[in-house]
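Bear in mind these aren't lab numbers, they're just calculated from the coordinates by the rules spelled out. Here the structure is a predicted model, which means the values were calculated and not measured. Because the Cβ atoms are built from the backbone with ideal geometry, glycine has one as well, and the counts that use them run over all protein chains shown.
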Amino acid sequence: MAINRNVLTLDEFTIQELRNFPRATGELSTLLRDIGLAAKRVNVEVNKAGLVDILGDAGAVNVQGEDVKKLDVFANNQFIGVLQHGISCAGIASEELDDFVVFDDEVSNNSKYVVMFDPLDGSSNIDINVSIGTIFSVYRRVSEVGKPCTQEDFLQAGNRQVAAGYIIYGSSTMLVYATRRGVNGFTLDPSIGEFCLSHPDIKCPPSGKIYSLNHGNFYQYAPEVQQYIQACQKKDKNTGGPYTQRYIGSMVADVHRNLIKGGIFMYPATTDSKNGKLRLLYECNPFAFIAEVAGGKATDGTRRVLEITPTTLHQRTPFFIGSKDMMEELEGYLKQS
Ligand code: AHG
Ligand code: MN
Ligand code: MN
Ligand code: MN
């Protein structure tokens, strides 16, 4: 089989992008390479799950009140490790840690970015061989470069993200990331161990036929959300309904599918959880950024997610994200409230 040398690796692509910015230092490319390296390490472990002692609980409960899985811990350590040893990151915050971590060494203090991540998304799917992921978000520091990073670096609104992305450990492993210039997807070629550009310039179709949410919570949703869900199930020649319901329970996989095929994903407030379940900094902001760059929309039901000013690291928010036309149809229902 002929080898396609037109396919760029992640490193080649980010270096090529640099040519558009003559004053760029290359720090973001380095950061993305570091994230790609951690992703490859996690991928190896995910692929061996079942053979090695990586399934099941780590025996702890995290700051979110969830049972921590062994793979949550492994992935968290891999991402912290590469970012700490790299030259582009001053500190991190993670779903799995109570507080942010300041790397506080000479190289890190001189780095201009901080990174926030959900090291392993879809923890409940680890043990049953269903797609899981990693989500990350990159901000330029607002604190003084040369000094340790501070809390205000982590509590920036999502519209200040420089880049955001995710890795999906699925039937193949993909890394997708967005900058303001566009969204690009790379598939891991296991034969060479490199992420290769497979989905250039991803655009979210303006409409679709898929709606994704946890139907088990139906009676806990607000009446207007229930009405929208019922509308999704109705035959309607204007919308193309009834829509198809798909819910994996790994947000990375659900939102990735909708981004490529068109669709809407929702994790609304419930009577038990007024702010829903998903975390603004590690889950919602990165996906909101990616969706908007790809032409989609993301709200908390009333406002753009990217405009929310965070007050705490682990805050949650109701979350609606997807194709533009479907989001506008939803907004019509939510406005009635
Ligand atoms: P995490 O595994 O990082 O804690 O996130 C799980 C999230 C998200 O991936 C998914 O969409 C959602 O939890 C599923 O929650 P429900 O089981 O309540 O539907
Ligand atoms: Mn979790
Ligand atoms: Mn998650
Ligand atoms: Mn997680």
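Can you spot the aspartates and glutamates whose alpha carbon is less than 16 Å from LYS235's alpha carbon? Ignore those fewer than 8 places along the same chain.
GLU329
What are the semi-axes of the equivalent ellipsoid for the stretch 66-136, taken as the square roots of 5 times the Cα gyration tensor eigenvalues, largest first, in whole Å?
Sorted largest first and rounded, they come to 26, 11, 9 Å.
Would you please give the residues with an amide H less than 5 Å from that of LEU278, counting only those at least 5 places away or on a separate chain, with H modeled from the backbone geometry?
THR317
Evaluate the charge dipole of the stretch 82-166 about its Cα centre and quote only its size in Debye, nearest 20, assuming +1 on the Cβ of each Lys and Arg and -1 on the Cβ of each Asp and Glu.
So the dipole magnitude of the stretch 82-166 works out to roughly 480 debye.
Can you find, among LEU97, PHE117, GLN64, the residue sitting farthest towards the positive end of the charge dipole of the chain, where Lys and Arg contribute +1 and Asp and Glu -1 at Cβ?
Farthest towards the positive pole: PHE117.
Mind running the shape call on the stretch 117-255? Use the C-alpha gyration tensor, a ≥ b ≥ c as the square roots of the eigenvalues: rounded below 1.5 for a/c, prolate if a/b tops b/c, oblate otherwise.
Values: a/c = 1.85, a/b = 1.45, b/c = 1.27.
Judged from the Cα gyration tensor, the stretch 117-255 comes out prolate (a/c at least 1.5, a/b above b/c).
Please report MET326, MET251 as a ranked list, fewest other C-beta atoms within 10 angstrom at the top and most at the bottom.
MET251, MET326
Mind listing which trypsin sites (Lys or Arg not before Pro) in the stretch 216-309 are in a DSSP loop and have 15 or fewer other Cβ atoms within 10 Å?
For trypsin sites (Lys or Arg not before Pro) across the stretch 216-309 that sit outside H, G, I, E and B with at most 15 neighbouring Cβ atoms in 10 Å, the list reads LYS234, LYS235, LYS237, LYS274, ARG303.
Compute the angle between helix 223-232 and the longest alpha-carbon principal axis of the chain, please, reported from 0 to 90 degrees and rounded to the nearest 10.
90
In nm, to one decimal, how far is the GLN315 label point from the ALA24 one, both placed 7 Å along Cα→Cβ?
3.2
In what sequence do TYR169, TYR219, TYR247 fall when counting other Cβ within 10 Å, fewest first?
Working: TYR169 30, TYR219 8, TYR247 17.
With the fewest neighbours first, TYR169, TYR219, TYR247 line up as TYR219, TYR247, TYR169.
What FRET efficiency do you get for SER172 and GLU144 if R0 is 51 Å and r is their Cβ-Cβ distance, rounded to the nearest 0.05?
0.75
Give, as a single signed number, the net charge of other residues whose beta carbon lies under 14 Å from the beta carbon of ASP104, with Lys and Arg counted +1 and Asp and Glu -1.
-3
Run the dipole for the chain about the Cα centre, Lys and Arg Cβ at +1, Asp and Glu Cβ at -1, nothing else charged, and hand back the magnitude in debye, nearest 20.
Computed charge dipole of the chain: roughly 1240 debye.
Around ARG246, under 9 Å between beta carbons, what's the net of Lys plus Arg minus Asp minus Glu among the other residues?
0
Binned at 10 Å from 0, what are the whole-percent values of the Cα-Cα distance distribution for the chain, short to long?
6, 26, 35, 24, 9, 1, 0
Based on Cβ point charges of +1 for Lys and Arg and -1 for Asp and Glu, what charge dipole magnitude is obtained for the stretch 240-337 about its Cα centre, in debye rounded to the nearest 20? Display every interim value, and only then the final one.
Details: 12 positive and 10 negative charges, 31 e Å.
The calculated dipole for the stretch 240-337 is roughly 160 debye.
Count charges around ASN184 for me, please; just the other residues with Cβ under 14 Å from its Cβ, Lys/Arg as +1, Asp/Glu as -1.
Residues near ASN184 contribute -1 overall.
Can you put THR239, THR302, THR134 in order of Cβ neighbours within 10 angstrom, beginning with the fewest?
Ordered from fewest to most neighbouring Cβ atoms within 10 Å, THR239, THR302, THR134 come out as THR302, THR239, THR134.
Going down the table (LYS209/LYS237; LYS69/LYS261; LYS274/LYS324; LYS48/LYS69), which pairs top 19 Å between alpha carbons?
With Cα atoms farther than 19 Å apart: LYS69/LYS261; LYS274/LYS324.
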